[in-house]
Amino acid sequence: MPSASSNRTAVLERAVTSGPSCCPSGLGRPITRETAEELSVLLKAVADPTRLQILAILRSASNCEACVCDLTEPLGLSQPTVSHHLKVLAQAGLIEAEKRGYWTWYRMVPTRLGELSAVLA
């Protein structure tokens, strides 16, 4: 059974196509309601300054991953608040979580970030 993340990826892959020169991204032609809803989840996830900061921190970190304990200080936020933002990013498929002992480590999903870039290009 395909994962929710792979299903999301398939929906946006269908949407990200070449369009006319004025709109070369996935918005160069009409999109289905399903694609629009999936795209809105992705855009809502990154439409927050803290979540954009988290993505930038993860992208610049070794192996593009970090645990919550690495994020609280640079963000100036409490652990529960950072965890909430990580949950939103994970639900949008932009990051993945891996439990390692006591800590949960989060890493970027490069293909999902690429989809976002393609739509906004």
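Checked across the range 58-81, the condition of being surrounded by 16 or more Cβ atoms within 10 Å (Cβ to Cβ), farther than 14 Å from M108 by Cα, free of Cβ contacts under 8 Å to residues at least 60 places away in the same chain and within 12 Å of the chain's Cα centre (by Cα) holds for no residue. Of the numbered criteria (1) out of contact with any His (no Cβ under 9 Å at 6 or more places or on another chain); (2) without any contact (Cβ under 8 Å) to a residue 40 or more places away in the chain, the one L113 fails is (2).
Being modelled with pLDDT under 85 and either closer than 15 Å to S117 by Cβ or of a type in the set (S, T, N, Q) (or both): is that true of L39 here? Write out each step before concluding.
On the way: modelled with pLDDT under 85: no; either closer than 15 Å to S117 by Cβ or of a type in the set (S, T, N, Q) (or both): yes.
No: the conditions fail for L39.
If you go through the range 91-121 and keep only what is among the hydrophobic types (A, V, I, L, M, F, W, C) and in a helix (DSSP H, G or I), you end up with L113, L116, A118, V119, L120.
Residues in the range 37-53 that are small (G, A, S) and under 11 Å from the mean Cα position of the chain (by Cα) were compared, and the one that is surrounded by the most Cβ atoms within 10 Å (Cβ to Cβ) is A45.
The values are calculated or read from the model by the stated rules, or taken from the named source; none is laboratory data. Every value quoted in this text rests on a predicted model; they were computed, and no experiment measured them. Virtual Cβ from ideal backbone geometry, glycine too; neighbours counted across all protein chains shown.
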